[in-house]
Amino acid sequence: MGEKILVTGGTGYIGSHTVVELQQNGFEVVVIDNLSNSTATIVDQIGRISGKKPRFYELDLCNEAALRVFFRENHDLAGVIHFAAYKAVGESVEFPLKYYHNNLVSLLNLLRFMEEFEVPNMVFSSSCTVYGQPEVLPVTEQAPVKKAFSPYGNTKQISEEIIEDTVNSSALKAISLRYFNPIGAHESGLIGELPIGIPNNLVPFITQTAIGKRQKLMVFGNDYDTPDGTAIRDYIHVVDLAKAHVVAISRLLKGIHKESLEVYNLGTGKGTSVMEAIMAFERVTGMKLPYEITSRRTGDVPRVWADTTLANLKLGWRAEKSLDEMMASAWMWEKNLAAGILEF
Ligand code: UD1
């Protein structure tokens, strides 16, 4: 049995894909999730893919007493990959305290017990949202962190600062991974994104429209200063993203990291506009997607894509899957959901 890794938020979208990749690379995985934005069925689905159901603790990281019991039972952890957090931008504007409390208290509790129980390695789930609209594209990790537009974004910035201060004063070593736009689903069709209610993000909205759950996609603005007028993002396949976490935790475990806190962009390095994303979906599915151009969404940046040089060179990791593969897998997952693959 390989080294034991705790994945918090391990039944969530990126977390579940990462659990699978860790297991397939020989790690023993334990999952903590409070199921606030996922379902326990995902643990079974992970088991179907990897052949081994990870040990699952339904637990809220804000619950200090319960977390202490967990750490006592799991004193042999080699590292933690911390995904568990609220992530809806709009909701965070409406309920900022909910976001600050959940995302920050979770992290503080986790760091405290990691110190107490001598678990020195953490991979943290951050976001390209920390760059706002960068002055220079593609954006590197050296770009200034801009004032966050939303409480959600601010929790990511503050979390990175908390981790930085902690590594400077303790044995903790950490890697913060700044994701661009993760989309797609596992090739097995057994796990994927599970938006609750009306999706905020582009690709779940596209697939739900195509399956007939939504009437049409609203394209938020075609008057941006971009070639086709729609906003540009760096979409990355969630499995490529998950693989980067295996590389990052392995780097910490092997002790080959150069700094006690390293920060990496995770993207493809390629910008795709909303219209190009729609065209890719239509190309791979052969369907026509009903859409309407509407006004810009508040808080959206016009253009952002990653400079991935650092991750390519230092981690030896590179995103491999194409936009067409991302769309095809997202579509297969939506069809599987419609066919009732998950019981809630
Ligand atoms: C959003 C968050 C970001 C977060 C990320 C997590 C905002 C402002 N940003 O990124 O902080 O880290 O999700 O996944 O919410 N679009 C449409 N129609 C739709 C939905 C989206 O045209 O129905 C457009 C958006 O305007 C944007 C692009 O599609 O240009 C991507 O949007 P989305 O998937 O929501 O991601 P981000 O906004 O980049």
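Candidates in region 61-70 are the residues that are part of a loop (DSSP other than H, G, I, E, B) and open to solvent by less than 60 Å² (accessible area, probe 1.4 Å); of these, the one that is farthest from the ligand (Cβ to nearest atom) is Cys62. Of all residues in region 262-298, those being free of Cβ contacts under 8 Å to residues at least 60 places away in the same chain and under 28 Å from Ala143 (Cβ atoms) number 7. Taking region 205-245 as the range and being part of a loop (DSSP other than H, G, I, E, B), more than 10 Å from the ligand (Cβ to nearest atom) and open to solvent by less than 20 Å² (accessible area, probe 1.4 Å) as the test, only Gly229 passes. Is it the case that some residue within region 194-204 is open to solvent by less than 50 Å² (accessible area, probe 1.4 Å), part of a loop (DSSP other than H, G, I, E, B) and more than 12 Å from the ligand (Cβ to nearest atom)? Within region 194-204, one or more residues are open to solvent by less than 50 Å² (accessible area, probe 1.4 Å), part of a loop (DSSP other than H, G, I, E, B) and more than 12 Å from the ligand (Cβ to nearest atom). Looking only at region 111-151, residues that are within 14 Å of the ligand (Cβ to nearest atom), part of a helix (DSSP H, G or I) and open to solvent by 30 Å² or more (accessible area, probe 1.4 Å) come to 1 in all.
I'd like to verify a number: residues in region 1-57 that are open to solvent by less than 10 Å² (accessible area, probe 1.4 Å) and of a type in the set (Lys, Arg), how many? Of the residues in region 1-57, 0 are open to solvent by less than 10 Å² (accessible area, probe 1.4 Å) and of a type in the set (Lys, Arg).
One residue stands out among those in region 246-273 that are within 19 Å of the chain's Cα centre (by Cα) and farther than 26 Å from Pro144 by Cβ: the one that is surrounded by the most Cβ atoms within 10 Å (Cβ to Cβ), which is Ile249. Could you list all residues from region 154-190 that are closer than 28 Å to Trp333 by Cα, in contact with a Ser or Thr (Cβ under 8 Å, 6 or more places away or on another chain) and either hydrophobic (A, V, I, L, M, F, W, C) or within 16 Å of the ligand (Cβ to nearest atom) (or both)? Listed by number, the residues that qualify are Leu177, Arg178, Tyr179, Phe180, Gly184, Ala185. The set of residues from region 202-261 being in contact (Cβ under 8 Å) with a residue 60 or more places away in the chain, of a type in the set (Lys, Arg) and over 17 Å from Phe281 (Cβ atoms) comprises Lys243, Arg251. Scanning region 289-308 for residues that are out of contact with any Pro (no Cβ under 9 Å at 6 or more places or on another chain) and among the hydrophobic types (A, V, I, L, M, F, W, C) yields a total of 2.
Let's see how each residue does on (1) in contact (Cβ under 8 Å) with a residue 60 or more places away in the chain; (2) aliphatic (A, V, I, L, M); (3) surrounded by fewer than 20 Cβ atoms within 10 Å (Cβ to Cβ); (4) in a loop (DSSP other than H, G, I, E, B):
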residue	(1), (2), (3), (4)
Arg72	no, no, yes, no
Ile81	yes, yes, no, no
Lys87	yes, no, no, yes
Leu97	no, yes, yes, no
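Note on region 285-344: residues that are open to solvent by 40 Å² or more (accessible area, probe 1.4 Å), among the small types (Gly, Ala, Ser) and farther than 23 Å from Gly90 by Cα amount to 7. Among the residues of this structure, Leu97 counts as one that is over 26 Å from Ser250 (Cα atoms) and more than 14 Å from the ligand (Cβ to nearest atom).
A quick yes/no check of all residues on (1) farther than 29 Å from Pro120 by Cα; (2) touching an Asp or Glu at 6+ places or on another chain (Cβ under 9 Å):
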residue: Ala231; (1), (2): yes, yes
residue: Leu253; (1), (2): no, yes
residue: Leu261; (1), (2): no, yes
residue: Gly267; (1), (2): no, yes
residue: Gly299; (1), (2): yes, no
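Counting the residues of region 291-318 that are outside any loop (DSSP other than H, G, I, E, B), within 16 Å of the ligand (Cβ to nearest atom) and more than 17 Å from Leu241 (Cβ to Cβ) gives 5.
The values are calculated or read from the model by the stated rules, or taken from the named source; none is laboratory data. This one's a predicted model, so the numbers in the text were calculated from it and none came from an experiment. Here Cβ is always computed from backbone atoms with ideal geometry, including for glycine, and neighbour counts include all displayed protein chains. Ligands, DNA and RNA are excluded from the accessible area calculation, which covers all protein heavy atoms including side chains. Shrake-Rupley method; radii C 1.70, N 1.55, O 1.52, S 1.80 Å.
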